[in-house]
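What follows is a short report on a single structure.
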Amino acid sequence: MKNISARPLQVALVCAANFLALPSSVARITNTVLLADAAPNKPVPIAATAAADTRTAAQKDADTTKRWSVYWGWNRSTYSHSDIHFKGSDHDFTIKDVEAKDMQSDVGGGGLFQYFLNPAEMTIPQTNMRLAYQYNADTAVALNLDHMKYVVTQDQSVPIEGQIKGVTQSGQQVIADNWLNYEHTDGLNIVSLELEKQRPVDWFGDNHHAKVFALAGVGVVIPKSNVTMHMVNQVRNDEFHLSGYSVGVGAGLEVDVYKDVFFRTAYKYGYVNLPDVLTSARGDKAAQSFTYNELLIAVGVRF
């Protein structure tokens, strides 16, 4: 009689659990208890034990997922115009609204195999490296190197103000090879820490797992600036120097192409502030800030 009187209460609990959309695992356990109590001589339903086994397998798979990944890729970039302030022992001037572009290595004429796919020359193009840790199913943290190149366009006319060797500067100045060469070509190196949020998509079928992602990062900029200031008789200076910082955001797509090998593409938008660019061997400096757009493609592997 005890089992019969308890049954309405158990049925009500099961209905309430399903109505309130409790986790399916709770509903399965409740149903199993109900059936076992009502008919102690009958075995526990196979579906319930199979579900429990499935959950255990899924948990084991999650525990053994390869959480580290690394990729190598290439990029193109564009830059906003910027004001560049030069200061040294015999000069203090600013050139304004300066145009710059990237410097892409030639892919044609054998360039693909000479530079992009040649391990001995693979740092010459604009490249990207990334080491990432998959923190959980939809979150990753990554250490990135975005190796871009920044070249001030020659023969452009820009406003100038300040003084050079005591002579007041005003009006327009043509940036020519006999006046100034200014580049971050080895390169505009942004070393950043990024946080990435991901979401799976089924655009390519079951055989090619894919996910879209959004990211945000902050880092330091260590350019190797190639600068020649002819106007103050300073020869070319070209060395690595910690010059400033960068912040950026981005979004993209990652697709598995074979087992743990994946293809990745992303767009990034960022801000670069360089208050301490080294321009000569005697310690002259320049300062500038600008924004950039970067499009990259990469191939990676999980381990």
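Check region 253-269 and report whether any residue there is exposed (fewer than 15 other Cβ atoms within 10 Å of the Cβ), under 20 Å from the mean Cα position of the chain (by Cα), closer than 30 Å to residue 137 by Cβ and among the charged types (D, E, K, R).
yes
In region 200-253, which residues are without any contact (Cβ under 8 Å) to a residue 24 or more places away in the chain and not in a strand (DSSP E or B)?
The answer is 202, 203, 205, 206, 207, 233.
Identify all residues within region 159-199 that are among the basic types (Lys, Arg) and in a strand (DSSP E or B); write none if there are none.
197, 199
Identify the single condition in (1) surrounded by 14 or more Cβ atoms within 10 Å (Cβ to Cβ); (2) of a type outside the set (A, V, I, L, M); (3) part of a loop (DSSP other than H, G, I, E, B) that residue 300 does not satisfy, given that it satisfies every other one.
Of everything listed in (1) surrounded by 14 or more Cβ atoms within 10 Å (Cβ to Cβ); (2) of a type outside the set (A, V, I, L, M); (3) part of a loop (DSSP other than H, G, I, E, B), residue 300 misses just condition (3).
From the list 171, 187, pick out the single residue that is touching a Pro at 6+ places or on another chain (Cβ under 9 Å) and without any contact (Cβ under 8 Å) to a residue 24 or more places away in the chain.
Just a single option satisfies the conditions, and that option is 171.
Condition (residue is surrounded by 14 or more Cβ atoms within 10 Å (Cβ to Cβ) and β-branched (Val, Ile, Thr)) applied to region 235-246: is it met by at least one residue?
Scanning region 235-246, I find no residue that is surrounded by 14 or more Cβ atoms within 10 Å (Cβ to Cβ) and β-branched (Val, Ile, Thr), so the answer is no.
For residues in region 74-102 being within 22 Å of residue 250 (Cβ to Cβ) and without any contact (Cβ under 8 Å) to a residue 60 or more places away in the chain, which is surrounded by the most Cβ atoms within 10 Å (Cβ to Cβ)?
By that ranking, first place goes to 102.
For region 254-270: of the residues being in contact (Cβ under 8 Å) with a residue 60 or more places away in the chain and in a strand (DSSP E or B), which is nearest to residue 179 (Cα to Cα)?
Step by step, filter region 254-270, then rank; the result is 270.
Read-outs: derived from the displayed coordinates by stated rules, not from any lab. Note that the structure is a prediction, hence the values are computed from the model and not measured. Reconstructed Cβ throughout: ideal geometry from the backbone, glycine too, with neighbour counts over all protein chains shown.
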